[in-house]
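Right, one structure below, let's go through it.
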Amino acid sequence: MKQNTTTTIIVEAIRELPLRMIRNGILFTLGFFGTSLFSADMIVVAAYKTGEVIYQRGEKELAVTKGQIFEKKDKIQTKNGILDLQVGVNSIIRVGKFTTLSLIELLEEKGKLKVEMNLNSGSLLAKVTKKLDKTSEYKIITPTKTAGVRGTQFLVQEGEDSETQKEREKVEDGIYVSEGIVEVNADNSDKLIAVKAGEELLTSHNDLKVQVLDSFVKEKMKILESLNVISEANYKNLQEQYQKNKDLLKK
């Protein structure tokens, strides 16, 4: 029987990576090192898209195209498609098929970032490309887990894995780490559970047990090595143009 587990993970980076590339909720808190000296809405950019992906903005439902800039409160549904999102200047995520993701908070102020996203269902692969700043926050909330990550490459699965057709290769509800450390504080455990690189924690099980990262999931996570953020200069140009357009609409 599947059990709703609350898992808490606190995120801080322990080293710089190559540029290549509450209750009943999941919470990933990541700090980013930022260079911005102004206050502005952070932008989320569709860096890659394949298949059918839509988003809802207010009452409107629109198709997603490459280069699309998303706003706070947008709700993204990948259906049978895949979407790569650059979130801020130093983070890129891959939203798997049949996933629903809502953007709750996107703020950048004097180098401090505040990001909050709701992963309602589906899968999310995440990669951070620079050393993290403890003063910033990056949160992902799901209906069944609360987590914080010490590390920069991980996968979150929430609900049934509808992307993989073969039963033996389905990814279970859980947290999977390919780099860094995840510290888990679960309701049915009186101690922190450390999930290190090359390990996984299945949160749908009654007994929360850290085990070796499944070979299929490990292979699946290799895609993170090929995900690349756009250059900081290009990101800043997009961000400034986006802000100018918003200011013009207000006049």
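Tabulated values for the structure
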| item | result |
| --- | --- |
| Residue count, the range 219-250 (criterion: under 16 Å from residue 93 (Cα atoms) and in a helix (DSSP H, G or I)) | 8 |
| Residues (of a type in the set (Ser, Thr, Tyr) and surrounded by fewer than 14 Cβ atoms within 10 Å (Cβ to Cβ)) located in the range 198-251 | 215, 226, 231 |
| Filtered residue count, the range 175-218, keeping only those that are at pLDDT 85 or above, of a type outside the set (Val, Ile, Thr) and either part of a strand (DSSP E or B) or closer than 19 Å to residue 122 by Cβ (or both) | 11 |
| Verdict on residue 215 being closer than 21 Å to residue 46 by Cα, small (Gly, Ala, Ser) and out of contact with any His (no Cβ under 8 Å at 6 or more places or on another chain) | no |
| The lone exception for residue 223 - which of (1) at pLDDT 90 or above; (2) more than 18 Å from the chain's Cα centre (by Cα); (3) of a type in the set (A, V, I, L, M, F, W, C) it fails | (2) |
| Qualifying residue in the range 52-75 (condition: in contact with a strand residue (DSSP E or B) (Cβ under 7 Å, 6 or more places away or on another chain), within 25 Å of residue 172 (Cβ to Cβ), part of a loop (DSSP other than H, G, I, E, B) and at pLDDT 95 or above) | yes |
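Conditions (1) more than 27 Å from residue 233 (Cα to Cα); (2) crowded, with 19+ Cβ neighbours inside 10 Å; (3) in contact with a helix residue (DSSP H, G or I) (Cβ under 8 Å, 6 or more places away or on another chain); (4) small (Gly, Ala, Ser), marked per residue:
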{"site": "62", "(1), (2), (3), (4)": "yes, no, no, no"}
{"site": "67", "(1), (2), (3), (4)": "no, no, no, yes"}
{"site": "72", "(1), (2), (3), (4)": "no, no, no, no"}
{"site": "104", "(1), (2), (3), (4)": "no, no, no, no"}
{"site": "128", "(1), (2), (3), (4)": "no, yes, no, no"}
{"site": "134", "(1), (2), (3), (4)": "no, no, no, no"}
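The values are calculated or read from the model by the stated rules, or taken from the named source; none is laboratory data. All values reported here derive from a predicted model rather than from experimental measurement. Please note: Cβ atoms are built from the backbone with ideal geometry, for glycine as well, and neighbour counts cover all protein chains shown.
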